[in-house]
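Q: Just passing along the structure, written as structure tokens.
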Amino acid sequence: MIKLFLYASLFLILPGGLESIFWYEVKDTSIKYQNELTLDFPVAKINNKVIYDEVEKRNVTLYQYISKDGFPVYYSRNVDTGVCYDDQCKTLNITLYWNPTGRYLGFELPENEFLSKDDHVPFTEEEYIRLNNLLSDPDLPLGEFTYNQIAAKSKAALYKVDGVSGATAKDVLEYVIKGSAYTTYTIYELVYGSSQAEVEAWTDDAMDDEYVEDILTKAPYHDKIWAIDRVYGRLSELPKSKDILMDLMGTEDFGIAARCLNSLVSEDLLDEELQTQLIDNFHAFDFGMKSKTLVLLKDAKFLSPELVRKLNKNLAEYEVPIIAGILDIYKAKGINDRETIASVQQIVSSENKYLAKKAEEYMSNTGQ
């Protein structure tokens, strides 16, 4: 997290030439907190479009900052709304920033503006840091509360919130700035509301193979997850990203590997090279990922000889349900080459009666 206080430099040239140049450094009281960028590209152009924000219930302008290659770098929108309770309101004037993946990037206050608690006491530096940390958590329970629920809890607990009479229940207080519950709640709702969805959709429209490749190889963890989820059903359009995705599928990070596998659809297996890459990872998969792979293989239009050969190589080593699933696929697809028959023949004598029966059914189906 980066905290920025902006500085403005003013050069004043008076009659008399360079000797009359005066330099002033004026401290700008703007406050800005910024987290890690998805991709740190220089901004070359700014686009904007009008969107409808469900939180403010009005049209607002969303800004898209793009690189020279047309890749989204980040987004922003200015918020000028009221935070109200018991017919008392105060203005919330703040600029919110998102990464291209919709991940919260940061916030900025206009010059000489500050956030305040009850009795208009300004936030301390520690409270700004805590607010930024709260906003950085997309899974914060605060998002499960409604405005009315917070108000109801406040009336029951005798604690001042945002300068008005009332209180915030203990479970809410854990996720807000003390004395500024409604402000915290409002900003959180703005960050994770319909504007965030608009950000993701706008980025989705701009995604191409090179951009996805950059995210998968250079971006922070959560942004990689976002990109992997967006690849679903689109691998044929993303040849560079396909190879990276298949490499990531073999990582020891289960969260990444499982999502890579889940991004595949049966049509992707029309690519024989992808089939080979998939089965190269298969042996290291856990039971759940193996089971998911069998679903893909079952729905695939064909299985390459190389994939079948590699499955046969370790056939007897897999878990019982996995072996049974492979035998069902072989039977359904009429795979009965000599090597496959020899591999299944070894299972006929298995001590597991269920597996032995499955193998016998397959052998009988092949005429053996």
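Q: Before we move on, is Arg259 within 22 Å of Ala197 (Cα to Cα), surrounded by 15 or more Cβ atoms within 10 Å (Cβ to Cβ) and more than 12 Å from the chain's Cα centre (by Cα)?
A: No.
Q: Right, here's the next one. Output the residues belonging to region 359-368 that are on the phi < 0 side of the Ramachandran plot, open to solvent by less than 80 Å² (accessible area, probe 1.4 Å) and assigned to a loop (DSSP other than H, G, I, E, B).
A: Thr366
Q: Another question, if that's okay. Please find, within region 291-317, the residue that is surrounded by the most Cβ atoms within 10 Å (Cβ to Cβ) out of those that are of a type in the set (A, V, I, L, M) and over 34 Å from the mean Cα position of the chain (by Cα).
A: Looking at the filtered set, the residue picked out is Val308.
Q: Moving on. How about region 31-58: which of its residues are part of a loop (DSSP other than H, G, I, E, B) and at pLDDT 95 or above? Outline the logic, then answer.
A: Here is the first cut: in region 31-58, the ones part of a loop (DSSP other than H, G, I, E, B) are 35-44, 54-57.
Result: Asn35, Glu36, Leu37, Thr38, Leu39, Asp40, Phe41, Pro42, Val43, Ala44.
Q: Continuing with this model, one more query. Outside any strand (DSSP E or B) and not charged (D, E, K, R): does that describe Ile129? Don't jump to the end; show me each part of the working.
A: On the way: outside any strand (DSSP E or B): yes; not charged (D, E, K, R): yes.
Yes, satisfied.
Q: Still on this model: Could you check, for region 5-13, whether at least one of its residues is within 26 Å of Pro220 (Cβ to Cβ) and at pLDDT below 55?
A: Yes, because at least one residue in region 5-13 is within 26 Å of Pro220 (Cβ to Cβ) and at pLDDT below 55.
Q: Starting from residues that are over 44 Å from the mean Cα position of the chain (by Cα) and among the small types (Gly, Ala, Ser), keep the ones in region 318-358 and report whichever is least open to solvent (accessible area, probe 1.4 Å).
A: Ala356
Q: Quick test for you: out of Leu173, Leu131, Leu158, pick the one residue that is of a type in the set (A, V, I, L, M), modelled with pLDDT of 90 or more and out of contact with any Asp or Glu (no Cβ under 8 Å at 6 or more places or on another chain).
A: Leu131
Q: Among the residues of region 175-197, write down those that are over 21 Å from Ser116 (Cβ atoms), outside any helix (DSSP H, G or I) and of a type outside the set (Ser, Thr, Tyr).
A: Gly193
Q: Now for a separate question. Which pairs turn up if I take residues in region 236-247 that are within 14 Å of Leu261 (Cα to Cα) and in contact (Cβ under 8 Å) with a residue 24 or more places away in the chain and look for partners that are of a type in the set (S, T, N, Q) and not in a helix (DSSP H, G or I) with beta carbon separation below 8 Å, at least 6 apart in sequence or on another chain?
A: Taking only residues 6 or more apart or on different chains, the pairs are Leu245/Ser263.
Q: Taking Arg77 as meeting all but one of (1) surrounded by 13 or more Cβ atoms within 10 Å (Cβ to Cβ); (2) part of a loop (DSSP other than H, G, I, E, B), write down the number of the exception.
A: Unmet for Arg77, out of (1) surrounded by 13 or more Cβ atoms within 10 Å (Cβ to Cβ); (2) part of a loop (DSSP other than H, G, I, E, B): (2).
Q: Kindly list the number of the only condition in (1) within 17 Å of Leu297 (Cα to Cα); (2) under 15 Å from the mean Cα position of the chain (by Cα); (3) surrounded by fewer than 21 Cβ atoms within 10 Å (Cβ to Cβ) that fails for Val265.
A: Condition (2) is where Val265 drops out.
Q: Just give me the residues in region 277-296 being more than 9 Å from Ile322 (Cβ to Cβ) and aliphatic (A, V, I, L, M), in sequence order.
A: Selection gives Leu278, Ile279, Ala284, Met289, Val295, Leu296.
Q: Among the residues of region 32-60, which ones are closer than 19 Å to Leu134 by Cα and of a type in the set (Phe, Trp, Tyr)?
A: Tyr33
Q: To continue, here is another question. Return the pairs, sorted by first residue and then second, in which the second residue is open to solvent by less than 20 Å² (accessible area, probe 1.4 Å) and of a type outside the set (Ser, Thr, Tyr), the first residue lies in region 202-214 and is closer than 15 Å to Phe41 by Cβ and touching a residue at least 24 places away in the same chain (Cβ under 8 Å), the beta carbons are less than 6 Å apart, and the residues are 6+ apart or on different chains.
A: So the pair list comes out as Thr203/Pro72; Thr203/Pro100; Ala206/Pro72; Tyr211/Phe71; Val212/Ala227; Val212/Leu238; Asp214/Leu39.
The values are calculated or read from the model by the stated rules, or taken from the named source; none is laboratory data. Bear in mind that the values here come from a model prediction, so they are computed numbers and not experimental data. Neighbour counts run over all protein chains shown; Cβ positions are idealised from the backbone, glycine included. Just so you know, the surface numbers come from the protein's heavy atoms only, side chains and all, with ligands and any DNA or RNA stripped out. Shrake-Rupley method; radii C 1.70, N 1.55, O 1.52, S 1.80 Å.
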